[in-house]
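Written below as structure tokens is the structure these notes are about.
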Amino acid sequence: MNTMKGGRVVLLVLLCWNVANFAVIAAGPQTCPANLEGQCGDSEEWKGEFFPGIPKIKYEGPNSKNHLAFKWYNAEEVILGKKMKDWMRFSVAFWHTFRGTGGDPFGGPTKFWPWEDGTNSVAMAKRRMRANFEFLDKIGVDYWCFHDRDIAPEGSTLKESNAYLDEVVALAKELQGSKIKPLWGTAQLFVQPRYMHGAATSSELGVYAYAAAQVKKAMDVTNYLGGENYVFWGGREGYQTLLNTDMERELNHLASFFHSAVAYKKKIGFNGTLLIEPKPQEPTKHQYDWDAATAANFLRKYGLLGEFKLNIECNHATLSGHSCHHELETARINGLLGNIDANTGDPQVGWDTDQFLTDISEATMVMLSVIRNGGLAPGGFNFDAKLRRESTDVEDIFIAHIGGMDTLARGLRSAAKLVEDGALTELVRKRYESFDSDIGKKIEAGEADFVFLEKKALEWGEPKVPSAKQELAEMLFQSAL
């Protein structure tokens with residue numbers, strides 16, 4: 001009996017704590033209260049401010065102590081002949097920023113934004129869309145990215161889902177104006193149980209057809225909103241075991257799906273780039289577009305080179321056992337670098353943590369690839385990154401994006417120093433200078449066969465192998481940070 005009484009006391013304390021916690025969240029200057037009866041209950045008419053007290057974010061320079069200001073990202077500043085904003089083409093991910101709850105496999109939501117009413121209604125979707133565009137305006141970003149089911153609820157039928165999406169997209173089109181547009185759109189083909197075996201690689205024909213219809217609609221919407229790219233992330237396009245999987249057939253189906261997407265893109269006059277986003281696993285045990293090299297080989301095998309590029313996500317790179325720099329270079333030298341999902345993972349954690357990038361060294365290596373690529377347009381940097389579970393203040397959304405933008409801007413400045421200094425470039429050039437000889441040029445042109453090379457090896461004797469100067473390369477790199 002005493003144990004039961006003690007349990008009731010503990011429960012009462014927890015309930016009181018929860019009430020107090022929600023009271024704290026609800027307290028303060030809110031112009032969009034989290035209830036259906038408040039002034040933003042009808043989100044089509046409500047014109048209030050979602051982020052009161054937060055000004056438009058401005059550049060104040062490295063010495064600023066203002067956490068709501070840029071220290072390194074100066075949008076109009078010219079670096080290597082191009083404005084910073086044109087190198088970056090930053091984008092906000094709607095799903096993490098406005099649908100992320102802080103929940104994880106071990107705990108429920110921790111984020112209760114003041115504009116949320118607890119529903120997944122069309123009215124709530126419109127309210128989130130208004131919050132999205134206020135955020136874009138205040139953070140100074142011209143692009144956003146979305147999944148169809150992030151921005152509008154799923155209906156009981158495909159027809160109803162499409163109607164909901166049309167209603168929300170009409171508002172997005174109005175709010176975009178002439179300046180803002182999607183960096184890319186996509187269809188969410190991994191949450192709904194129908195996709196448990198995959199979408200384009202499902203063993204069920206009906207699921208394949210449903211996925212095609214959903215992608216068709218998402219491509220229509222992306223095109224209507226002026227989107228510059230369309231992404232395919234195959235979160236469930238893979239397998240858990242090969243014992244019950246016809247891998248060859250699934251890959252053939254996936255290729256057919258992509259060919260259909262190419263055909264529909266041309267049919268509707270969509271001028272954007274189609275992008276594949278590699279990831280090795282999670283949620284599947286093995287995902288078919290494991291990394292950039294695997295995706296490139298898939299495109300070659302199925303005659304899709306020239307129709308697709310790659311959207312490289314840094315956290316996915318580390319999950320596949322590579323650095324982000326490696327994946328970017330692999331995509332770049334294959335002519336496939338189209339976009340970057342800017343995030344990072346934790347080296348101590350073996351899953352996709354989607355953290356905002358804050359490592360200056362990694363950002364510098366990323367920007368070296370971007371500079372070598374001549375930029376990313378019509379792609380850019382999408383912040384496929386989320387607040388930590390424990391970050392629950394509305395201003396944390398701004399702080400996280402400011403930090404991510406400043407990190408990449410600082411990476412650009414450091415990379416530009418390396419390019420302008422030229423010492424690292426010269427070190428690499430000298431390492432391979434023997435191939436600048438006439439014989440080296442013949443080798444690179446495919447004109448030196450083994451018989452010819454054997455004669456030269458016998459003539460020259462044992463080759464002298466110089467130092468690679470790795471420590472000097474690292475010193476030069478660090479000096480630019």
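The values are calculated or read from the model by the stated rules, or taken from the named source; none is laboratory data. Note that the coordinates shown come from a computational prediction; the quantities given were computed from them, not determined experimentally. Positions of Cβ are generated from backbone atoms using ideal geometry, with glycine treated the same way; all protein chains shown enter the neighbour counts. Areas reflect the complete protein model, heavy atoms only, side chains present, ligands, DNA and RNA absent. Shrake-Rupley method; radii C 1.70, N 1.55, O 1.52, S 1.80 Å.
Quick notes
- Percent breakdown of C-alpha pair distances by 20 Å bin, ordered from the shortest bin, for the chain: 21, 51, 24, 5, 1
- Under the criterion of Cα pairs below 8 Å and six or more residues apart, the relative contact order for the stretch 135-227 equals 31 percent.
- Sequence-distant contacts, meaning Cα pairs under 8 Å at least 6 residues apart, place the relative contact order of the stretch 377-481 at 33 percent.
- Based on the Stokes-Einstein relation at 37 °C and a viscosity of 0.692 mPa s, and on the Kirkwood radius from alpha carbon pairs, the stretch 232-297 is assigned a translational diffusion coefficient of 255 µm²/s.
- Ordering of 308-316, 220-228, 436-444, 387-395 by burial proxy (mean other Cβ atoms within 10 Å per residue, highest first): 308-316, 220-228, 387-395, 436-444
- Comparing the stretch 196-270 with the 2.2 N^0.38 Å rule of thumb, its C-alpha radius of gyration ratio is 1.18 (two decimals).
- The calculated FRET efficiency for Q348 paired with Q240, based on their beta-carbon distance and R0 = 22 Å, is about 0.30.
- On the chain, 56 percent of the accessible area sits on carbon and sulfur atoms, based on a 1.4 Å probe.
- In plain terms, the bigger the Kirkwood radius, the slower the diffusion; for the stretch 265-385, with that radius from Cα pairs, at 10 °C and 1.306 mPa s, Stokes-Einstein puts D at 109 µm²/s.
- Once all protein chains are placed together, K455 keeps about 130 Å² accessible to a 1.4 angstrom probe.
- Mean Cβ neighbour count within 10 Å, used as a protection proxy, ranking 204-211, 378-385, 331-338 highest first: 378-385, 331-338, 204-211
- Separation of the stretch 164-199 and the stretch 94-141, taken as the distance between their Cα centroids, equals 15 angstrom.
- Relative contact order of the chain, defined on C-alpha pairs under 8 angstrom at six or more residues apart (%): 13 percent
- Residue pairs exceeding 28 angstrom between C-alpha atoms, taken from K65/K179; K56/K309; K56/K181; K285/K386: K65/K179; K56/K309.
- Normalising the Debye intensity of the stretch 187-319 to I(0), with uniform scatterers on Cα atoms only, and taking log10 at q = 0.09, 0.12, 0.13 Å⁻¹ returns -0.24, -0.43, -0.51.
- Based on protein heavy atoms only, the chain ends up with 50 Å² per residue of surface accessible to a 1.4 Å probe.
- Between the Cα long axis of helix 158-176 and the first principal axis of the chain there is an angle of about 80°, rounded to the nearest 10.
- The fraction of all Cα pairs in the stretch 331-481 landing in successive 5 Å bins from 0 to the largest distance is 2, 8, 12, 14, 14, 13, 10, 8, 7, 5, 3, 2, 1, 1, 0, given as whole percents.
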